Each structure stands twice: as structure tokens, then as C-alpha cells.
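In what follows, a single structure is set out as C-alpha cells and then discussed.
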Amino acid sequence: MTMTLASMTRPGDEPLPRRPGSLRRFLRETGLLIVRGLQTIPRVPQRLSDVTIQPLVFTLLFLYVFGSAIHIKGMSYQNYLLPGLLGQSLAFGVIGAGVATATDFNTGVIDRFRSLPVTRLSVISSQVIGQILEQILGIVIVAGMGLALGWRPHMSPFGFVEFLLLMLLGLSAFTWFGVLLGMIVKSSDAMQGIGFAIVFPLSFLAGTFVPIAGLKLIPRTIGDWDPLSALVASVRHVTQGTNTTGSWQLAHPVVSMIFWCFLIIAVCVPLALRRFMNSN
Amino acid sequence: MSLTGQFAALEDNLTAQENLLLMARLRGYPKGSATRIVEGLIDRFDIGEFRDKLVKSVSGGQRRRVDLAASLVVQPKVLMLDEPTTGLDPRSRQVVWSTIRELVQAGVTLFLTTQYLEEADALADHIVLIDHGRVVAAGTPSELKSQIGDQRVDVVGVDASAVVLIVDALSATFQVVVDHNRRTVSVPAPHDLADLAAVTSALSGVGAHIDEIALRRPTLDDAFLALTGQVPESYENEPAMKEVTP
């Protein structure tokens, strides 16, 4: 190093623009951080396996393995299964977002962002939005696969919009939940474990693959009040127009799902923010 | 304020250049000036040859340089570095040291923790020695060193018999300390070159084969060991070898 101080471009030589208003700063920083997340995807494509390969495998497995044995009255198994798989994709978003957050928060790069004059909210919201974008990819893959294999949704244009809004709401709620879990658990392995010990069985009891009404007492009771059941039933109601019988929440799936999502958001967002602001 | 921890706070799956650019953009610079700043830092930290490699695939020393460069994007007034050169190759260490010196010259206040007292000596104006969580001494490097004695001339013989010859030749005129493990004979040298010259002339004609002869100041390592009450290992293991010849 033969350079001297005078010959170098120091950060100070570049004029730092006046700080824009807080909303514009927030949007700019969030954007930069989302782009950073997307930039890394091609470098570790295997990280996307949970929203690409896994949904493909699940759709094929359940359609062709269980589909041959399960008969749902009044509809093809494709039409029963696909809304279930879409609901399950949302639920698995908890695991995906949790693992990604735990991994991210362990690398130390988050500490670097904190040492910069960056709105802290933008660090966390970029995490959420990035995860939602990834989950959307998974949902599109599941839906596309389903359509190719004989899923026939019955939706009016209004119903389609309703479907999209519901999915988006569900995505936001479950992703926030996952991000919070990831920040609490802090280890991606532990997060995987929790995901497969809790989310996985709950998603199976939620009327995803077989009707809840046919289950034995204990799993049926869990399924009746599992928030994921409301999710699956509401997707099924919106896409196929079918009604699910059982508990109150299954008879009123859309309202219940909206309730659950808002509840999750109302609890998780402040907790996640507080955790992020206070942790050192 | 900016902090650089012992472990690099970088995005592993971005390249060195992308990392720096991201930090500069997050700092608030528009794209054009962010790019110029990053190019400046890449030059300054010799990052050019691995600028487009993913951070996860570069060496520890290179990572450290990127990390330090990233912490400068912030333009800190106070910079805290936690063992900035631990595990670095000599070249990276030189780059880090020279950058730190420039920053201090430019008016940045630096807090630095290190296990290498040589590093503290080279970089710090004020040193606090901590042993087992206790402050054992504080002061400028020369204050700390002067607490444990003055400079000396070290003569290193090629083998044990050479050491004996050297001791014989010097003990008449000087107070000699012998460290047989290191084959080193030390004499106090309060008069700098005059003492060095006296030692060399006393040795000439003795016929002892000498590896090295040098005027030395006590190092901070010596100071640390003396202040924490620990004896250098070579003495501790073989106390019988410690000799003070009148």
C-alpha cells in the first residue's frame, strides 16, 4: 500500500444528499434490502427448494398416491386436493420464513445494517416482503401444477380477486409469524425441527387431504379449531364454492380466516418489531 | 460510530463489490457516488483481485479487508475494532495497519482490542493492558515499556559453546543475563550505540560464532509478562538456566 490519504477517494469527498423524508427513506432502504435478498438467490438456488421442488413433489405424491384411494363425494380429488395444498403452502411459509430469518440473523450482516443509519423497520419489512415473494413462487408452482393435472377451480372474476386477497392476507400473517419465530429461535436447524413437529402435523389435520368430518374424535377436534383448517376451508370455499361442515369456523371459513390472520398480525408484528429494536 | 466485530458482518452470498455497494447505498448515497466510493475502497484495501468473488469463497484475510472497508462506508467518528488482524496473513495485516493509521491521522478515534501487543505498540497512542479481566496497566507504549527496564544489547550465539565464549568475553565488563534456551546473552545498554560498540569490540577476537547482535528495547510483551507477574516460558520451564553473572 503506497497510497496516501490525499490520493484516495474517501467517502467524505462524495456529497451525501440531504436525508429524504422518513417514508421515502424507508421505501428506498426496504427496496435496496429486498434486491439484496433476491440477488443472493441465484448463488444458493437450493434455498428455494422449499418453494419449488417440495410443492411439486407434494402435489404429485398426494394426487397419485392418495388420490387413487380417496374418494370425495361430489368432486374430483384434484378439486379437493389443490385448495388444500394451496392452504398448506401458506402454512409452510412459516417454516420457510423462519429458517430464512434465523439463517440471516446469524450471519452478522444484520448487525452491519444496524450500524448504518438505516430505518430498522426497513430491515425487517424487507425480510417479510422477500419471503412473501418466495412463497408466491411456490404457490404459483402448486397452482400451475394443479391446473395441468386436472384442477378446475370455479371462480367468478370477483371470486378470483377475493382468492388473491385472501392468499395475500394469509401470506402476510404466516410470514410475519415465521419471521418472529426465526428471530426467537435463532437457529435454522431448530426452526426446521419446530416446523416439522408443529406446522406439519397441523397442516395434515386441517382437512388438507381428507375431510375433517371423517377423522376420529381427537384429531377431529384439533382439526375443527386448527387455524389452518379455516385457511384450507376458505381457499376451498373461494375456489370451488364448496362448504365445509363441522365447527363454526369451518362453516364460516372466510370470516374465520380473516379473523385468524388479523389476530396473528396483531400479535406478531409488534412482538417482532420490539424484539428487533431492543436486541443488541 | 462504527463497529467491526471479530467475525465479518457481510452478506456471504454477495460479492465483495456488491456488499460494499449495498452498504454505500444504504448509507444514503445515490448510485453514482456510491459506485465511486466503492471503487475508492476497493483500491485502498487491495480488493481488486477478488472484487467479483462471493464473500463466502474468499480467504479470511480478504474477508477482513472487505469487512473493514464496509465499516468505513459509514464515515465513523469513532471506530471500534475487535481484533482486526486475528488470523490474517502478513500482507492483509499490513493493509489493515496502514489503513488504521491513515484513519487516525484523518481524525477518527479508534478503539482497538488485540491479543498482539506488537499491534498495540504499532497503532495505539494509549494502551490499557487487561489480564484476566483486570486492568493491570495503562499508559503510552513507552511509559509501559519504561516500567520494566531499559534497552539492552542481545547477542545470540550459534550454539551452546559459543554462548559460553560470549559470556566469558562480556562478563568482565558488563552485567550479563543469559537465556540458554534462546542462546541469548543480554547486557544493559543505556548508552545506545556506545554500548553496542563496546560489546562488539569485547567480542572481536574471541572467536565465538554469532548469529545475531542487536540493540533492543523491551517489547510490550516483556512489559505485559512483567506486569502480570508471569515469567516468560523459557525461564519458567528451566529456572536453573537463568543466570545472573556479576
Of the criteria (1) outside the structural domain of B:ALA9 (by TED's automatic domain parsing); (2) in contact (Cβ under 8 Å) with a residue 24 or more places away in the chain, which one B:ASP125 fails:
(2)
Considering segment B:82-116, residues that are over 15 Å from the mean Cα position of the chain (by Cα) and among the aliphatic types (A, V, I, L, M), and then whichever is farthest from B:GLY40 (Cα to Cα), we arrive at B:LEU110
Looking at (1) modelled with pLDDT of 90 or more; (2) surrounded by 15 or more Cβ atoms within 10 Å (Cβ to Cβ), find the lone condition where A:VAL255 falls short.
(2)
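Test B:VAL185 against the stated conditions and say whether it is touching a helix residue (DSSP H, G or I) at 6+ places or on another chain (Cβ under 7 Å), in the same structural domain as B:ARG217 (by TED's automatic domain parsing), surrounded by 13 or more Cβ atoms within 10 Å (Cβ to Cβ) and assigned to a strand (DSSP E or B). Spell out how you get there, then give the answer.
Details: touching a helix residue (DSSP H, G or I) at 6+ places or on another chain (Cβ under 7 Å): yes; in the same structural domain as B:ARG217 (by TED's automatic domain parsing): yes; surrounded by 13 or more Cβ atoms within 10 Å (Cβ to Cβ): yes; assigned to a strand (DSSP E or B): yes.
Judged against the criteria, B:VAL185 is a match.
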Out of (1) within 11 Å of chain B (Cβ to nearest Cβ); (2) free of Cβ contacts under 8 Å to residues at least 24 places away in the same chain, the odd one out for A:GLU29 is which?
(2)
Whether any residue in segment B:161-170 is outside any loop (DSSP other than H, G, I, E, B), of a type in the set (Asp, Glu) and farther than 30 Å from B:GLN94 by Cα is what I want to check.
yes
What number of residues in segment B:43-60 are closer than 15 Å to B:SER71 by Cα and within 10 Å of chain A (Cβ to nearest Cβ)?
2
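If you take the residues of segment A:1-41 that are part of a loop (DSSP other than H, G, I, E, B) and within 39 Å of the chain's Cα centre (by Cα), which of them is modelled with the highest pLDDT? Walk me through it before giving the result.
Quick first cut of segment A:1-41, residues part of a loop (DSSP other than H, G, I, E, B) only: A:1-4, A:8-10, A:14-21.
Now restrict to residues that are within 39 Å of the chain's Cα centre (by Cα): A:16-21.
Numbers: A:LEU16: 72, A:PRO17: 73, A:ARG18: 72, A:ARG19: 73, A:PRO20: 75, A:GLY21: 78.
My answer is A:GLY21.
Just to be sure before I move on: is B:ASP12 part of a loop (DSSP other than H, G, I, E, B) and among the charged types (D, E, K, R) in the structure I sent? I'd like the intermediate steps shown before the answer.
Working: part of a loop (DSSP other than H, G, I, E, B): yes; among the charged types (D, E, K, R): yes.
Spelling it out, B:ASP12 is indeed part of a loop (DSSP other than H, G, I, E, B) and among the charged types (D, E, K, R).
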Answer with yes or no whether B:ILE37 is at pLDDT 85 or above and out of contact with any Cys (no Cβ under 9 Å at 6 or more places or on another chain).
yes
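Of these, B:LEU68, B:LEU103, B:LEU22, which one is in contact with a helix residue (DSSP H, G or I) (Cβ under 8 Å, 6 or more places away or on another chain), part of a helix (DSSP H, G or I) and either of a type outside the set (A, V, I, L, M, F, W, C) or without any contact (Cβ under 8 Å) to a residue 24 or more places away in the chain (or both)? Working first, answer last.
Values: B:LEU68 fails: either of a type outside the set (A, V, I, L, M, F, W, C) or without any contact (Cβ under 8 Å) to a residue 24 or more places away in the chain (or both); B:LEU103 fails: either of a type outside the set (A, V, I, L, M, F, W, C) or without any contact (Cβ under 8 Å) to a residue 24 or more places away in the chain (or both).
Only one candidate qualifies: B:LEU22.
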When segment B:1-25 is checked residue by residue, the ones that are modelled with pLDDT of 90 or more and more than 7 Å from every other protein chain (Cβ to nearest Cβ) are B:THR15, B:ALA16, B:GLN17, B:ASN19, B:LEU20, B:LEU21, B:ALA24
Can you name the condition, by its number, that A:SER76 falls short on among (1) polar (S, T, N, Q); (2) within 21 Å of A:PRO270 (Cα to Cα); (3) surrounded by fewer than 20 Cβ atoms within 10 Å (Cβ to Cβ)?
(2)
Suppose we filter segment B:141-177 for residues that are at pLDDT below 85, out of contact with any helix residue (DSSP H, G or I) (no Cβ under 7 Å at 6 or more places or on another chain) and among the β-branched types (Val, Ile, Thr); how many remain?
1
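Listed residues B:SER57, B:SER33; which is closer than 17 Å to A:PRO15 by Cα and of a type outside the set (A, V, I, L, M, F, W, C)? Full working, then the answer.
Values: B:SER57 fails: closer than 17 Å to A:PRO15 by Cα.
That would be B:SER33, the only listed residue that is closer than 17 Å to A:PRO15 by Cα and of a type outside the set (A, V, I, L, M, F, W, C).
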Residue hits (segment B:26-38; facing another protein chain (nearest Cβ under 7 Å) and closer than 22 Å to B:LEU103 by Cβ) are B:LEU26, B:ARG27, B:GLY28, B:TYR29, B:SER33, B:ARG36, B:ILE37
One residue is enough: does segment A:197-205 have a residue meeting the conditions touching a Pro at 6+ places or on another chain (Cβ under 6 Å) and without any contact (Cβ under 8 Å) to a residue 40 or more places away in the chain?
yes
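The values are calculated or read from the model by the stated rules, or taken from the named source; none is laboratory data. Worth saying up front: this structure is predicted, and the values here are computed from it rather than measured. Note: ideal-geometry Cβ built from the backbone for every residue, glycine included; neighbour counts use all protein chains shown.
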